[in-house]
Amino acid sequence: MLVAVEEVANKSFDYVVIGGGNAGLPLAVRLSEDPTVSVLLLEAGDANLNHVEILRPGSFIRHFFGKEYVYPYMTNKQLFLNNSVRPWFRGKGLGGSAAVNFQLWMRPPAEEVNDLERLGNAGWNWDDFQRLIRKVERFYPPTTEVQQRLNSDCNNWNLGSDDLKLQQTVLNSGIELACNPLGGDPTGTFFAPCTYDPTTHTRAYPTTAYYLPNKERLNLKVLVFARGNRLITTKELDGSIVATAVELDHGGQIYTVNVTREVVLSSGTLKSPHILELSGIGRKDVLEKIHVPLKLELPGLGENVQEHLLIAISYEIRDDVQFDTIDLLRDYPELVEKHAELRTSGEGIFTMGLTNATFASVDTISSKARAIIQGARDAILAKIESYSSALQEQYKIQLERLENGAPSCEIVSFPGLSTMYNPPKFGKRYLTLAVGLNHPFSRGTIHSLSSDPAVDPEFDPHYLDHDIDLHIMTELVKFTRGLSRISPLKDVIAKEHNPGQGVQTDEEIREWIRDRCSSFWHTAGSCSMLPQASDGVVDEKLKVHGTTNIRVADLSILPLHFVGHPSSFVYYIAEKGAEIIKATRSDEQVKDL
Ligand SMILES: Cc1cc2nc3c(=O)[nH]c(=O)nc-3n(C[C@H](O)[C@H](O)[C@H](O)COP(=O)(O)OP(=O)(O)OC[C@H]3O[C@@H](n4cnc5c(N)ncnc54)[C@H](O)[C@@H]3O)c2cc1C
C-alpha cells in the first residue's frame, strides 16, 4: 500500500527495495508474499496509477515530454558522434521504464542466456529463464480472424505479413520466417507480441500485473517521491560490509529507514551504481574525486556499460495507400479523441505496436560480412593486452557469435515518423524502420560526479569506440534501405525521408550514423554479474561482492548484452532475485531451529 513518509521514517523493515521499476516492483511484491516479513519499496517518482498516458498503448515517445514520466537524462559529449550528446531518458514512477517503453515483448536467444552461465554465473541459463518467465507471461494469440488475415499460425509462430507488407518484403529479400521466436531463436522475421492487455486494451506492466492486485498487503509499504540517496553501512569482523539503513530524500527532507535483513538496489542501470558509489562502494579513483570515503573497493562498478545502438530510416507513404499512422494524431489533433475512443474496443491508432521484427546475422545482411568479422578479430587481437581478462572473455564470446551467425542485426518497424530532426510534411504518413546493433563491442561507463545525490552521474556510453560497431551499422543501414526497392514495400512508398537522397556513399552513411544514431534504451552492465576476479559487482545470487546483505536486481547486472528487447529478462531478474532472497531466509530459519 502507498504510505506517507511518517509511516516509514526511522522505522525498521526486513527488506528495503530502492526503485519500483520493471524489476524492483515485481521483486518487492514477490517478497511480500510471505506475510511474516516487512517490505518497504522506495520509488523516486510518483505512483502514476490509472494515468491514461501510461495505460493507453501506442503513446510512444509522448512520455518524453512529461517530466512526471521520465528522467530527461543526457549522455556526455560523444567523441565518435562528432562530439554531440544523446538523450538517455528513463522511466520514472511505479513501473519504471516498463511504464513508458514501446511494449515489444521478446525473449533473448537461448545461447545468449546460457552465455551468462559460461561467464561464471551458475544457474543463469535458458532452462531457468523459461522456468521463471512462465510465471510472468500470459500469451493471448491474435483472434482467428486476425491470424487468417495475416496468414498466420501462432502455434508455430509462422506469422505472416502486415498491412504495409513489410514482412513479405523481408521474406522476399531472402530472410526466413522465425518459426518460434519465443523459443530461444529469434533469427528471421516475425510478428512480435506486445505487453498489452486484450481485455482492457491497456498497457500490461508491473503496476497492473504485480502491484494493483496486491496493493492491500499490509506488509508491503510503498513510499513514492522517495529518492534513495545512500546506504548506511557497518563493517563485519571479516571486513564485509553490512547495510543497516537507507538514507532517502522525500520532498527535500532527509530521512532514514532501518534494514533488518537486506537492501535491494533496483534503480536501473543508470542509478544503481550511483547509489553504491555514494555509499562508499566502487572504484577508488571515482570516490576520491567526489570525496566519498572508500568503504569497499569494486573496480568494475560503473564500468562494462553496454547499449544497443539504433538509427531510424523513414519513408513517406504514398497518399493512395490505406494505412493510418501516428503521424495523423500529430497533424490532426481532433483525431486523438476519436482514436482514444476506438482504443477502448481494441481498434485504432492507439492499439498499434512495434510488432514487425527482424533479426539477422551480419552474414545475412552483407556480402562484406567475412571481411568485417575478420577485421573485428584483428582489431580485438591487436589490442588484446589492453583489455582485462573479463573483457577478453566477453570479446571471445562476441567474436564467436559473429562467426556462428548470431542475429546481431535488428530491424523493427514503427508506424510513423519517429525522429524530428528532418521535420515531417503536414498531412503525410511515414513508416520508420529502426535498425539496431545488438552486440556492440564498445563499452561505456557511469560514474558519479559529486557526493550530492541530486547531481546525476556522468553517462558515457563510448558510442562507436570500436570501428566494428560502425562497420556493422553501415552495412545494416544499406541492407535496410535495400528493402525499399523490393516489392511489396516498394509499391507503398512515395520516397525516402531519412536519411534522404543526400546520403549515398559508405562514408556519407557513416557520417549520418555519427550524427543521428541514438540509444535503443536498453542500457546494461553497470553492476555486472561476474566473479569478483573478473571485476564483477554482484555474484550469481545478485549479492554485491564483499557485502553480506546488499543485492542489485535490475538490468545493470547483465554482464554481456544479448539480442532483443530486454524487458522480459528484467522480469526474470526480479523473479529470480525474489526466489534467491526467499531461499536465503528459509536456510537461515532452518539454521535457527
Ligand atoms: C523509451 C524506452 C523504450 C523501451 N522499449 C522497450 C520495448 O519495447 N521492449 C522491451 O523489452 N524493452 C524496452 N525498453 C527497455 C526496458 O523497458 C528496460 O530495459 C527495463 O524496463 C529496465 O528495467 P529496470 O528495472 O532495470 O529499470 P527501470 O524500469 O528503469 O526502473 C528503475 C526505477 O528506479 C527508480 N529510481 C531511480 N533512482 C532511484 C532512487 N535513487 N531512489 C528510488 N528510486 C529510484 C526509477 O524511478 C524507476 O522507477 C525500453 C526502454 C525505454 C526507456
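The values are calculated or read from the model by the stated rules, or taken from the named source; none is laboratory data. Remember, it's a predicted structure, so these values are computed and weren't measured experimentally. Quick reminder, even Gly has a Cβ in these numbers, built from the backbone with ideal geometry, and neighbours come from all protein chains shown. In case anyone asks, the SASA skips ligands and DNA or RNA and just uses the protein heavy atoms, side chains included. Shrake-Rupley method; radii C 1.70, N 1.55, O 1.52, S 1.80 Å.
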Go ahead and run the numbers for FRET between V455 and T143, Cβ-Cβ distance against an R0 of 60 Å, rounding to 0.05.
0.75
Quickly work out the N76-to-M1 label distance, labels modelled 7 Å from Cα along the C-beta direction, and quote it in nm with one decimal.
4.7 nm
Rank these residues by their accessible area, most exposed first, probe 1.4 Å: W521, W88, W105.
W521, W105, W88
Helix 389-403: inclination vs the chain longest Cα principal axis, degrees, rounded to 10, gives 20 degrees
Quick one: divide the alpha-carbon radius of gyration of the chain by 2.2 N^0.38 Å and tell me what you get.
0.95
DSSP bridge pairs, the chain: antiparallel proportion in percent, nearest 5:
70 percent
How far, in degrees from 0 to 90, does helix 334-343 lean away from the longest principal axis of the Cα atoms of the chain, to the nearest 10?
70 degrees
So how exposed is D46, as accessible area in Å² (1.4 Å probe, rounded to 10)?
50 Å²
Let me cross-check T351: its accessible surface, 1.4 Å probe, with only protein heavy atoms counted, in Å² to the nearest 10?
40 Å²
Once the piece of chain linking N172 and D378 is laid out straight, how much longer is it, given 0.36 nm per residue of separation minus the C-alpha distance between them?
70.7 nm
Taking the dipole of the chain about the Cα centre (Lys, Arg +1; Asp, Glu -1; charges at Cβ), the one of T233, Y315, G346 that reaches farthest to the positive side is G346
Using 21 Å as the Cα-Cα cut-off, could you pick out the over-long pairs in K165/K490; K235/K582; K92/K428?
K235/K582; K92/K428
Spatially proximal aspartates and glutamates relative to K295 (Cα-Cα < 15 Å; intrachain offsets below 8 disregarded):
E236, D238, E277, D285
In debye to the nearest 20, how big a dipole does region 471-586 give about its Cα centre with +1 on each Lys and Arg Cβ and -1 on each Asp and Glu Cβ?
340 debye
For L335 the rounded accessible area (nearest 10 Å², probe 1.4 Å, non-protein molecules ignored) is 40 Å²
Angle between the chain longest axis and helix 467-483 axis [Cα atoms, degrees, rounded to 10]:
40 degrees
If the only charges are +1 at each Lys and Arg Cβ and -1 at each Asp and Glu Cβ, what is the size of the charge dipole of the chain around the Cα centre, to the nearest 20 debye?
460 debye
Charge dipole (the chain, unit charges on Cβ, about Cα centre) - positive-most of T36, H201, N83:
H201
Could you state the number of Å between the C-alpha centres of region 271-308 and region 88-112?
25 Å
Counting Lys and Arg as +1 and Asp and Glu as -1 over every other residue whose Cβ sits under 13 Å from the Cβ of I54, the net charge comes to 0
